[in-house]
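As structure tokens, the structure follows; a few thoughts come after it.
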């Protein structure tokens, strides 16, 4: 993190020298200027672009509070510390309304000033990490290698890959609680935590331990740590290859996996399961259109897979083959890609072999039964449930109801809710929920562009780093960029 630049505006030289001395004693701070008036301070702000302004209130000409108002128009991200020799309620009230970081009474106590600067440094570190996080995720998503390496800025990294299902927010909070300097990437159903290779690898082990020790965690989870990886050109592809060749072959339904790899991208061995006979029988059942026989063999196949601890990747591959067979036999009147995506969601979100089996069977059973011949009453029930779920979201925008929580609340199955959201929105439940929350965030910023990104994230129930990633996905810009654009628009009105 770069140095935090401080501008001091104080008309009493002994006090400004004292503040400068205390500030520069703290590692990570530098004083970029000292001014004796608000007018001079405003001019220097435009030239030096400081991160922090420490200002007296009562000075000749422009007051410190007016300086803060004008400075905020130039840089909405700046932190402000007010120094005053007056215990006047009006001053303190106005300083609070201006969202200053602190209000210090003269004579200044060194310990108090140090504590305030440490607090600002911590806030700045969080903001800097959040910014780097957003830039890293965007560079990874757009495959911008040069920018990715520039933001990462390490010579080497230790990487912890966590299979998280829909627990992304909770897992990110665990990592930030261990070490706020650890960056993360979201790819497929995994979170990749990247730590400077020179840092203690025990940080990543602590994260793994905390994730696996959570009482509310999914049974199906994985924490896979790699050895130190050199940061160089091709890093984005190396992360993608790690997923393709190793990680997706580590997930077993209902099992917690913890492992340290000896090589970053050594291909994982696939299970050699004697399931050929059952798979062939399922092919025959499809050709014969025998639903009852298909169900029996389908359940037997899952029992065999559970006995042999089959990997999710193998289950997914076979289900894609079944999709092709159902289409070829004219049982499935759908495109293979969207249908496979529905099956993939069931497989990845399942927390046991039985749960995956039952939910997949509900999808396949609908194919056999001709799901498109629903009755009018069924359509009314679907619309009623859809409206109830949307109403629940609107009344509680700060909550993130998982798909399972929705199902438990309304006593319905996950495939049924997925189907309803596909019918009425063309999206999955998760996609619709995220898009709706981002629309709420945009409306909040439209009404009040000065609102802090953290506050917006809290109002829609998102952790700040994750909020930035989702916001960028749906709007094409970061929350800060959107704020700045709206502030500029209001200024031009």
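Just so it is clear, none of the values below were taken in a lab; they were calculated from the coordinates. In this text the structure is predicted, and so the values were computed from the model without any measurement. Please note: Cβ atoms are built from the backbone with ideal geometry, for glycine as well, and neighbour counts cover all protein chains shown.
When each of the peptides 75-83, 284-292 is scored by how many other beta carbons lie within 10 Å of its residues on average, the order from highest to lowest is 75-83, 284-292. Of 318, 190, the sequence from fewest to most neighbouring Cβ atoms within 10 angstrom is 318, 190.
Where both bridge residues fall in the range 154-260, DSSP classifies roughly 80% of the beta bridges as antiparallel. For the pair residue 423 and residue 70, a Förster radius of 51 Å applied to the C-beta separation gives a FRET efficiency near 0.40, rounded to the nearest 0.05.
When Rg and Dmax are taken over the Cα atoms of the range 306-347, they come to 11.3, 34 Å. Each of 399, 486 was scored by other Cβ atoms within 10 Å of its Cβ. Listed from fewest to most, they are 399, 486. Of the beta bridges in the chain, as assigned by DSSP with both residues counted there, near 45 percent are antiparallel.
Rounded to the nearest 0.05, what FRET efficiency do residue 255 and residue 39 have when you use their Cβ-Cβ distance and R0 = 51 Å? That pair, residue 255 with residue 39, gives E of 0.15.
The Cα center of the range 434-493 and the Cα center of the range 10-81 differ in position by 29 Å. You can think of it this way: the chain between residue 458 and residue 2 has 161.4 nm of extra reach, that is 0.36 nm per residue less the Cα-Cα gap. Centroid-to-centroid, using Cα positions, the range 178-255 and the range 302-323 are 24 Å apart. Extension gain for residue 295 to residue 47 (0.36 nm times residue separation, less C-alpha to C-alpha distance): 81.9 nm. Under the simplified labelling scheme, the residue 200-residue 58 pair shows an inter-label distance of 5.0 nm, with each label point 7 Å from Cα along Cα→Cβ. Please list, by residue number, everything in the range 443-487 whose backbone N is under 19 Å from a paramagnetic label point 7 Å out along Cα→Cβ of residue 409. In the range 443-487, the label zone of residue 409 (backbone N under 19 Å from the point 7 Å along Cα→Cβ) covers 458-463. Between residue 329 and residue 365, the contour length at 0.36 nm per residue exceeds the alpha carbon distance by 11.5 nm. Note on residue 488 and residue 232: their simple-model spin labels are 4.0 nm apart, each label 7 Å out from Cα toward Cβ. Could you give the angle, 0 to 90 degrees to the nearest 10, between helix 336-349's Cα long axis and the longest principal axis of the Cα atoms of the chain? Its long axis makes an angle of about 70 degrees. Counting helices only, and only those DSSP H runs with n ≥ 4, report the 222 nm mean residue ellipticity of the chain as the sum of -39,500 (n - 2.57) divided by its residues, in deg cm²/dmol to the nearest 500. My calculation for the chain gives -18500 deg cm²/dmol from helical runs alone. Each label was represented as a point 7 Å from its Cα along the Cα-to-Cβ direction; for residue 388 and residue 277 these points are 4.6 nm apart. FRET efficiency for the pair residue 318 and residue 443, taken as 1/(1 + (r/R0)^6) with r the Cβ-Cβ distance and R0 = 35 Å, rounds to 0.20.
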